[in-house]
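*Asks:* Quick one: structure below, then a few questions.
The values are calculated or read from the model by the stated rules, or taken from the named source; none is laboratory data. In this text, all values refer to a predicted model and were calculated from it rather than measured experimentally. Every residue, glycine as well, gets a Cβ built from its backbone with ideal geometry; the counts of neighbours run over all protein chains shown. Ligands, DNA and RNA are excluded from the accessible area calculation, which covers all protein heavy atoms including side chains. Shrake-Rupley method; radii C 1.70, N 1.55, O 1.52, S 1.80 Å.
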Amino acid sequence: ITGYDPKTGDPVVPWLEESVYKAWKQSGLPYKEFIKTAPTFVEQLQSKKPYKELTDNGNVGLDCRYLNFAPQCTGWYNLANNGGSGSFLILWSGLWKLTTTAAIPYYTGQYNPEVAGNKRGFGIVTIGANVGDFHRAANESKARLDLVVAKANNAMKELGERATKTVEDNTTRTAYSLAISTLVMVIIVIIIAIWMASYLSNRIKWLNTGFNRFRLGERAFRFEPKEKNEISHLALSFNELADTLNENLLRLREEVDIRSQKENELREIKNNLETRIAERTKELSEINGLLRDEIEIRRAAEAKSQHLAGHDPLTGLANRMLFHERLQKAIYHASRSRRAGALLFFDLDRFKYVNDTLGHTVGDALLVHIAQVLRQRARKTDTVARLGGDEFAVIMTDLSAPDDAAILAQQILEQLETAVSLGGHEMRIYTSIGIATFIGEDTNTEEILTHADLAMYQAKSEGGTRFCFFEESMQNKILIRKQLESELREALDNRQFIPYFQPLFDTSKGRVISLEALLRWNHPVNGLMLPGEFMDVAIASNMMAEIDAQMLEMACEQAKQWESEGVEFGKIAINILPEKISSPTLIEYINTALQKTGLSANRLAFEITERALLEDRDMVIDNLSRLRQMGASISIDDFGIEYSSLQRLVEYPIDVLKIDRFFVRRIGDTKVEAVIEAIIAMARAIQMDIIAEGVETKAQLNYLIAHGCWAIQGYLHARPMSSADTTKHIQSYLNKLT
């Protein structure tokens, strides 16, 4: 196998055909340049004629061309030199050959590494030999063993003959020398001579008989000498020779069996190859048919998925993604045609109330009905979209005047106001529509959507159930809102939100029941700001969760400080957002604050609104139950003004009802007083505590005490205060009592 010099690229031990080798040398070019001009595969010519000069010098190693596998030689070297991956199997055999298998690295792809890169692998090649040649060594060994046995047999015969002759000579000499001896002595000598000759002859015959038995195929035969002499020693040597010969013959037989088994396996592979190819061809044909069917199915699925990707699955209207795409095209079209376009944007009033009270099935039917109305009223060239939840939009193009958009908006409002029966419920649908028109190139989708949104809120602020066009004066609201969002984010980062505390008093015992933590923003420029001044923007910007988390932690820190100072404050009342009370992370959220501050849960009272009870029922009940198990108490805040349900008061774990300030301020009205008295009586009956909010006058306090409500909260006793002022107020109140 040849290699290449890493510096010059020339073959180190070339096995090129002589004519190719001379052509390279005569060209005067480096080998890498010469081989680019040579015909393809010139390095692997099949002439089986290596360069004679190199052969004479002993520089040609294994020449693969003699095996008719010349294309692999380069690959074997390249793999051994650089490594690689791949696989191949070369079978070279016939029924008249025995084969042996060797693992050979090889080179896959085209044979020039500069063209194909280093794609290399590992393969198997079988090298064959004739059976006669393969068995020649064994047959020659057998012949040599037969010669050894024959020589040993002849030697034993000669030894016997010499012994016989020696005995006869000795007998003759003895007879002559003892001729004068007595007849008795002669007879004795003759008898001894005959016995000795017979004994030696029998031992030699015994040895010859054993040799013949083994030579004739009785391979298990072994001598069993009973005496120790030269004949016995020769027999034992024969036994050792026979054992060695049998072991070699056994190994030879095993090798022959293995070769025969391999031949049978290769024959079976050869016989089954065509069958397997036919089966695989049939399988591939069937697979191709299945693939064609699969392709058709996937094309249909892709078409369906493309439709679903751009359309709302409930109403079939364009979804938000397709809406933005169509709006962008409408802007471009308006810019090219110089004809105005318009966006009508609206959401439904009290849609959540429909979902909460009548169920999501009725809510979905309502959305489908609205989609039908919009399709009926919009032009074929208009795009009607559902942007999510109860938000809808209509994109209009090629308007001759803004009044075209106003006409469509008015038609939509009028048809939605018409009573419709959905799920057995008759209802009218109310909404406000914001309209933003566009024609210039500088307009973008987000800007138009923002303008339409602002116009819609302007329509709502004017009483609702109307449409309103965007005006430039509304842009100031955008700037103010963005500025407020930025300041709210800074307030979170700089912890500008602080808790104020308003005491809840038990007038019957003259003590503070708890302190309600109320959110305040300590604005660096505007000073102390109430929630009403920024809450809407905080909610719309999804910052309320972070603000509430800071409030909870600060309230717990203050409570822990009061606890260590011995201030009697009862419990800290914390307001929880409706969506938080139904969250599976509520308990973890509260435990994090408690662990961080070291405050016990029995120091907390959580206030929730009735709207929170409309969320995930099972999750809300589970969360409230776990809070009570931790030692916290649960209050319903603003009871009586939202979604009052006596069933929920029974099902949910609630400790306290807080009468809303709406009723307290109207004490003196007989109807209102009847409701207050009913709430107090109901709370007492189901063993709940009752607290009145917004108590500001003595008359209100006296009325509440007279009807059994001793716990109050309001400006009459204390306004919300900073933590320092709260501490002073509690101490002052306790001093008055003492």
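*Asks:* Please work out the C-alpha center-to-center distance from region 265-286 to region 384-423 and express it in whole Å.
*Replies:* Taking the Cα centre of region 384-423 as reference, the centre of region 265-286 is 69 Å away.
*Asks:* Right, next: Using a 1.4 Å probe on the protein chains only, how many percent of the accessible area of region 314-415 belongs to carbon and sulfur? Let's see the in-between values first.
*Replies:* Details: 2370 of 4710 Å².
Whole-percent figure for carbon plus sulfur exposure: 50.
*Asks:* What part of the accessible area of region 449-504, given as a whole %, is carbon or sulfur when the probe is 1.4 angstrom?
*Replies:* Values: 1430 of 2980 Å².
Whole-percent figure for carbon plus sulfur exposure: 48.
*Asks:* Taking only protein heavy atoms into account and a 1.4 Å probe, give the accessible area per residue of region 455-610 in Å².
*Replies:* Working: 7330 Å² over 156 residues.
On a per-residue basis, 47 Å².
*Asks:* Taking 0.36 nm per residue of separation and subtracting the Cα-Cα distance, what length does fully extending residue 483 through residue 220 add? It would help to have the intermediate numbers written out before the result.
*Replies:* Details: separation 263, 0.36 × 263 = 94.68 nm, distance 11.01 nm.
Length gained, residue 483 through residue 220: 83.7 nm.
*Asks:* Quick check: pseudo-label points 7 Å beyond the Cα along Cα→Cβ at residue 38 and residue 589, how many nm apart are they?
*Replies:* The two pseudo-label positions are separated by 7.9 nm.
*Asks:* Tell me, what % of the accessible area of region 213-279 is carbon and sulfur with a 1.4 angstrom probe?
*Replies:* Numbers: 2750 of 5310 Å².
Of all accessible area on region 213-279, carbon and sulfur atoms account for 52 percent.
*Asks:* Can you give the accessible area per residue of region 320-402, in Å², using a 1.4 Å probe? Let's see the in-between values first.
*Replies:* Working: 3990 Å² over 83 residues.
Value for region 320-402: 48 Å² per residue.
*Asks:* Could I ask something else about it? Work out, step by step, the length gained on full extension between residue 233 and residue 336: first 0.36 nm times the residue separation, then minus their alpha carbon distance; give nm to one decimal.
*Replies:* On the way: separation 103, 0.36 × 103 = 37.08 nm, distance 12.14 nm.
Residue separation times 0.36 nm, minus the Cα-Cα distance, leaves 24.9 nm.
*Asks:* Using a cut-off of 14 Å between beta-carbons, work out the net charge of the residues near residue 551 (Lys and Arg +1, Asp and Glu -1, residue 551 not included).
*Replies:* Working: positive: 495, 520, 580, 596; negative: 516, 546, 548, 553, 557, 607.
With Lys, Arg at +1 and Asp, Glu at -1, the neighbours total -2.
*Asks:* Please compute the length gained on full extension between residue 735 and residue 148, using 0.36 nm multiplied by the number of residues separating them and subtracting their Cα-Cα distance. Kindly include the intermediate steps, with their values, before the conclusion.
*Replies:* Values: separation 587, 0.36 × 587 = 211.32 nm, distance 13.25 nm.
Result for the pair: 198.1 nm of gain on full extension.
*Asks:* Still on this model: Beta carbons within 10 angstrom, averaged per residue: use that to sort the peptides 156-166, 493-503, highest first.
*Replies:* Working: 156-166: 13.6, 493-503: 18.5.
Descending packing order for the listed peptides: 493-503, 156-166.
*Asks:* Keeping all protein chains in place, calculate the accessible area per residue for region 624-685 (probe 1.4 angstrom), answer in Å². Mind dumping the intermediate values first?
*Replies:* Numbers: 3010 Å² over 62 residues.
Counting only protein heavy atoms, the per-residue value for region 624-685 is 49 Å².
*Asks:* Obtain the nm distance between the two label points defined at residue 158 and residue 290 by a simple spin-label model: each point lies 7 Å from its Cα along the Cα-to-C-beta direction.
*Replies:* Distance between label points: 8.2 nm.
*Asks:* Apply 1/(1 + (r/R0)^6) to the Cβ-Cβ distance of residue 25 and residue 262, taking R0 = 45 Å, and write down the FRET efficiency to the nearest 0.05. Kindly include the intermediate steps, with their values, before the conclusion.
*Replies:* Numbers: r = 45 Å, r/R0 = 1.01.
The computed FRET efficiency comes out at 0.50.
*Asks:* So if we plug the beta-carbon distance of residue 697 and residue 616 into 1/(1 + (r/R0)^6) with R0 = 35 Å, what FRET efficiency do we get, rounded to 0.05?
*Replies:* 0.30
*Asks:* Quick check: pseudo-label points 7 Å beyond the Cα along Cα→Cβ at residue 276 and residue 205, how many nm apart are they?
*Replies:* 6.5
*Asks:* Calculated FRET efficiency, residue 525 and residue 421, Cβ-Cβ r, R0 51 Å, to nearest 0.05?
*Replies:* Values: r = 55 Å, r/R0 = 1.07.
The calculated FRET efficiency here is 0.40.
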